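Colleague: Here it is: the structure, laid out below.
The values are calculated or read from the model by the stated rules, or taken from the named source; none is laboratory data. Being a predicted model, the structure only gives us computed values, none of them experimental. We place every Cβ from the backbone using ideal geometry, glycine too, and count neighbours over all the protein chains shown.
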Amino acid sequence: MILDELVLHDVGVFAGRQVLTLTPGPHKPIVLIGGLNGAGKTTILDAIHLALYGPLASGSARRSGSYEAHLRSLIHHAATPGDGAAVELAFHAHHEGVALHYRVRRFWRDTGAGIRERLEVLREGVPDEALAATWAEQVEAFLPRGIAGLFFFDGEQIESLADLDRSPQVLGSALAALLGLELVDRLATDLAVLRRRHRARHLPDDLRRRVEDSQVAATAARQAEEAGASDVAAARVEAERAAKRHFEFAERYRAGGGELLDQRENAEARVATLHGELTRVDDELRETAAGAAPLLQLTRMLADLAAHARRESDAARDRVVLDVIDARDIALLDQLRGTRIRASAIRTVESFLAADRDARRRNAENTPVTGLDDSSPIEFLTTRVLPDTRQKIRILLARRTQASAGLDAAERMLAAIPDPEALAPVRAERDDAHRELLRSQAALAHAEDRLTAVRQQRARADAVYEKAMDAAAHASLTVDDDRRLVDHADRVRVTLDALRLAATRRHLDRICALVLDALSRLLRKSNLITEISIDPASYTVELRGSAGQPLAAEQLSAGERQLLAVALLWGLARASGQPLPVVIDTPLGRLDQSHRSHLLDRYFPQASHQVVLLSTDTEIDEDARKRLSRYIGHTYRLEFNPSAGATTVQPGYFWES
């Protein structure tokens with residue numbers, strides 16, 4: 001089965017006729033529909049349920065109230081009362097190898113005296129009245145209502161499966177629908193009703209009063225539970241409205257520069273810090289300039305001075321040694337003449353010594369200018385002190401440039417921060433909305449706690465009523481036929497329980513294997529969970545880790561429990577053996593980034609041949625959109641106009657034109 005098109009006409013927040021083409025492309029199974037909270041994503045999921053199942057639909061909007069009230073609430077507020085609203089769903093499915101196309105149309109309007117609904121079913125474009133008349137039975141051939149929750153679900157259903165307290169109840173309902181055990185449950189209920197009615201026939205007065213009192217208490221407890229459920233639904237709606245209002249004011253505050261205003265103290269502190277840095281650098285520059293820095297302008301002259309000082313030192317040395325050299329040279333030549341050395345060699349030595357004396361006399365004749373006996377202080381100044389000073393000045397100037405640039409940027413940022421008084425009204429509205437959100441969330445939590453308490457009270461009242469009925473039954477069953485009837489009903493109930501348990505146990509191994517396979521694809525951790533089993537009686541999920549050691553679900557992180565919930569839905573859907581599309585509202589819930597990546601890479605592209613995702617821009621953000629791009633066939637954006645209170649469908653996801 002493949003969903004081809006969904007048409008909404010004045011349904012919920014959708015104004016006018018809005019069309020979404022859903023047929024997936026080749027190797028592109030995903031249809032991505034984006035919308036902010038309150039833009040109508042849940043309405044799309046409910047509309048698909050409504051088109052297929054009508055009064056039997058179990059959409060999230062029908063938690064309470066009649067079908068007529070539900071249809072009335074779905075008519076857009078700006079629609080003409082006489083025109084009403086309509087939803088159309090086109091799909092095709094293969095029958096004996098042939099693709100047949102269907103279009104289901106539901107129209108309804110408020111006549112003042114009540115809601116009028118009309119159903120049309122077209123096969124291959126031709127209206128089929130016989131098919132429309134029996135559509136409630138015919139739709140089971142395409143998508144059995146019992147297993148629809150395995151393919152059309154929202155983030156709340158994943159949260160329920162991930163909740164350790166609620167998951168057995170949700171899993172039990174899903175398994176019953178998958179294995180077709182609703183008939184067994186209905187038969188067991190009918191037997192209980194028959195047994196209860198029979199037991200109440202011949203009650204003595206005292207037992208009858210006890211039964212009647214316990215029945216009144218049980219009825220009051222049931223009514224209290226229904227009132228509590230209604231209060232929870234109202235509180236949830238109020239909390240969602242408060243969350244939407246807080247989001248709108250927070251966005252207005254952010255758009256007006258509120259984020260910059262929140263950073264004002266940091267910006268002022270940065271400006272002060274950079275001013276201080278600039279002052280410290282300037283002080284260090286002045287301190288350096290008071291030392292040897294001015295001599296950097298005389299570097300060449302100081303080098304010349306050092307060279308001249310070295311020459312003067314050499315001249316003074318030569319003046320001292322000239323007299324000694326003259327006597328030494330005469331003595332040396334006399335020694336050489338007294339030997340057998342050739343006269344030419346002696347003349348060569350004599351010429352060399354004479355040239356050396358002449359050079360020293362010329363050097364000794366240099367007139368002293370500097371008066372320095374030693375050039376090393378000047379050389380130390382030019383080779384060590386001045387290069388170090390130059391490097392220090394470079395570093396200080398670089399620090400000053402950096403600090404000055406940072407100060408300019410910080411001052412520009414400070415100047416761009418809006419006036420606190422200008423944003424004070426918006427900030428006050430945002431703070432009021434936040435307080436209202438906290439109050440509504442607290443009220444919701446209180447209502448849920450109250451509902452839990454009254455449910456427990458109802459369970460106790462039902463137990464007292466059942467106990468009174470049992471006592472009355474055993475006291476009043478004086479007729480053998482009546483006793484046999486009750487006994488046989490009890491035996492049948494035991495047999496039905498055994499049948500249900502045996503039927504569940506027979507299929508659980510295959511289902512658990514499919515769930516484990518799905519979880520392995522999602523987690524890719526072969527040593528985390530190696531075995532999954534489901535208790536056929538309590539429907540609790542039992543896990544085993546490495547080496548077959550039991551692994552409590554509480555040991556898993558919140559993200560891993562949500563991936564386990566997705567694996568349960570995926571495995572149950574695969575166990576149904578039905579090639580059906582998957583529609584998910586709010587697909588990523590409260591998952592962290594790493595676990596979101598698992599669903600993006602390993603679940604959505606493989607969940608089915610057609611996957612419709614209804615998401616906000618924070619769930620499937622720009623990065624997630626890119627990761628899914630090669631699997632996406634269609635993208636839509638739900639644009640909500642607050643002034644008109646209406647949503648329109650636009651092509652392209654967020655950030656796409």
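Colleague: So, restricting to strands (runs of 3 or more DSSP E) that lie completely within the stretch 1-120, which ones have at least 2 residues that are of a type in the set (D, E, K, R)? Please lay out each step first, then the result.
Modeller: Working: elements: 2-9, 17-21, 30-35, 85-95, 98-110.
The qualifying strands (runs of 3 or more DSSP E) are 2-9, 98-110.
Colleague: Further question: Please indicate, with yes or no, whether at least one residue in the stretch 584-596 is of a type outside the set (A, V, I, L, M), more than 15 Å from the chain's Cα centre (by Cα) and surrounded by 20 or more Cβ atoms within 10 Å (Cβ to Cβ). Lay out the reasoning, then the answer.
Modeller: Just the residues of the stretch 584-596 that are of a type outside the set (A, V, I, L, M), to begin with: 585-587, 589-590, 592-596.
From what is left, the residues that are more than 15 Å from the chain's Cα centre (by Cα) are none.
No, the stretch 584-596 has no match at all.
The rows are residues; the columns are (1) over 19 Å from L638 (Cβ atoms); (2) in contact with a helix residue (DSSP H, G or I) (Cβ under 7 Å, 6 or more places away or on another chain); (3) small (G, A, S); (4) at pLDDT below 90.
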residue: I44; (1), (2), (3), (4): no, no, no, no
residue: A47; (1), (2), (3), (4): no, no, yes, no
residue: L50; (1), (2), (3), (4): no, no, no, no
residue: A61; (1), (2), (3), (4): no, yes, yes, yes
residue: S66; (1), (2), (3), (4): yes, no, yes, yes
residue: A69; (1), (2), (3), (4): yes, no, yes, yes
residue: R72; (1), (2), (3), (4): yes, no, no, yes
residue: A79; (1), (2), (3), (4): no, no, yes, yes
residue: G82; (1), (2), (3), (4): yes, no, yes, yes
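Colleague: Any residue in the stretch 357-385 that's within 18 Å of A293 (Cβ to Cβ): show its pairings with residues that are at pLDDT below 65 and in a loop (DSSP other than H, G, I, E, B) at Cβ separation under 9 Å, as long as the two are six or more apart or on different chains.
Modeller: I378/T370
Colleague: Give the stretch 559-583 a look and list any residue that's more than 30 Å from H92 (Cβ to Cβ) and touching a His at 6+ places or on another chain (Cβ under 9 Å), or say none. It would help to see each step written out before you state the result.
Modeller: Residues of the stretch 559-583 that are more than 30 Å from H92 (Cβ to Cβ), as a first pass: 559-565.
G559, E560, Q562, L563 - these are the residues of the stretch 559-583 that are more than 30 Å from H92 (Cβ to Cβ) and touching a His at 6+ places or on another chain (Cβ under 9 Å).
Colleague: Can you name the condition, by its number, that S629 falls short on among (1) in contact (Cβ under 8 Å) with a residue 60 or more places away in the chain; (2) under 30 Å from Q578 (Cβ atoms)?
Modeller: (1)
Colleague: Output the number of residues of the stretch 266-282 satisfying the condition of being more than 46 Å from the chain's Cα centre (by Cα) and more than 11 Å from R400 (Cβ to Cβ).
Modeller: 0
Colleague: Just to be sure before I move on: is L278 touching a Ser or Thr at 6+ places or on another chain (Cβ under 8 Å), modelled with pLDDT of 80 or more and under 30 Å from T389 (Cα atoms) in the structure I sent? Please lay out each step first, then the result.
Modeller: Working: touching a Ser or Thr at 6+ places or on another chain (Cβ under 8 Å): yes; modelled with pLDDT of 80 or more: yes; under 30 Å from T389 (Cα atoms): yes.
In short, yes.
Residue-wise test of (1) surrounded by fewer than 22 Cβ atoms within 10 Å (Cβ to Cβ); (2) over 30 Å from G25 (Cβ atoms); (3) at pLDDT 75 or above.
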position: P536; (1), (2), (3): yes, yes, yes
position: R544; (1), (2), (3): yes, yes, yes
position: P550; (1), (2), (3): yes, yes, yes
position: L563; (1), (2), (3): no, no, yes
position: G577; (1), (2), (3): yes, no, yes
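Colleague: For the stretch 489-505, check the following and say yes or no: at least one residue is at pLDDT 80 or above, surrounded by fewer than 17 Cβ atoms within 10 Å (Cβ to Cβ) and in a helix (DSSP H, G or I). Please lay out each step first, then the result.
Modeller: Residues of the stretch 489-505 that are at pLDDT 80 or above, as a first pass: none.
Taking every residue of the stretch 489-505 in turn, none turns out to be at pLDDT 80 or above, surrounded by fewer than 17 Cβ atoms within 10 Å (Cβ to Cβ) and in a helix (DSSP H, G or I).
Colleague: Right, something else. What do you reckon, is A141 surrounded by 14 or more Cβ atoms within 10 Å (Cβ to Cβ), at pLDDT below 85 and either farther than 29 Å from G571 by Cβ or out of contact with any Pro (no Cβ under 8 Å at 6 or more places or on another chain) (or both)? Working first, answer last.
Modeller: On the way: surrounded by 14 or more Cβ atoms within 10 Å (Cβ to Cβ): no; at pLDDT below 85: yes; either farther than 29 Å from G571 by Cβ or out of contact with any Pro (no Cβ under 8 Å at 6 or more places or on another chain) (or both): yes.
No, not satisfied.
Colleague: Of the conditions (1) hydroxyl-bearing (S, T, Y); (2) surrounded by 15 or more Cβ atoms within 10 Å (Cβ to Cβ); (3) under 26 Å from V19 (Cβ atoms), Y603 satisfies every one except a single condition; which number is it?
Modeller: (3)
Colleague: Is at least one residue of the stretch 95-105 under 23 Å from P651 (Cβ atoms), at pLDDT 90 or above and in contact with a His (Cβ under 8 Å, 6 or more places away or on another chain)? Steps first, answer last, please.
Modeller: Taking the stretch 95-105 first, the residues under 23 Å from P651 (Cβ atoms) are 103.
Keeping just the survivors that are at pLDDT 90 or above gives 103.
Those still in the list that are in contact with a His (Cβ under 8 Å, 6 or more places away or on another chain) too: none.
The answer is no, given that none of the residues of the stretch 95-105 is under 23 Å from P651 (Cβ atoms), at pLDDT 90 or above and in contact with a His (Cβ under 8 Å, 6 or more places away or on another chain).
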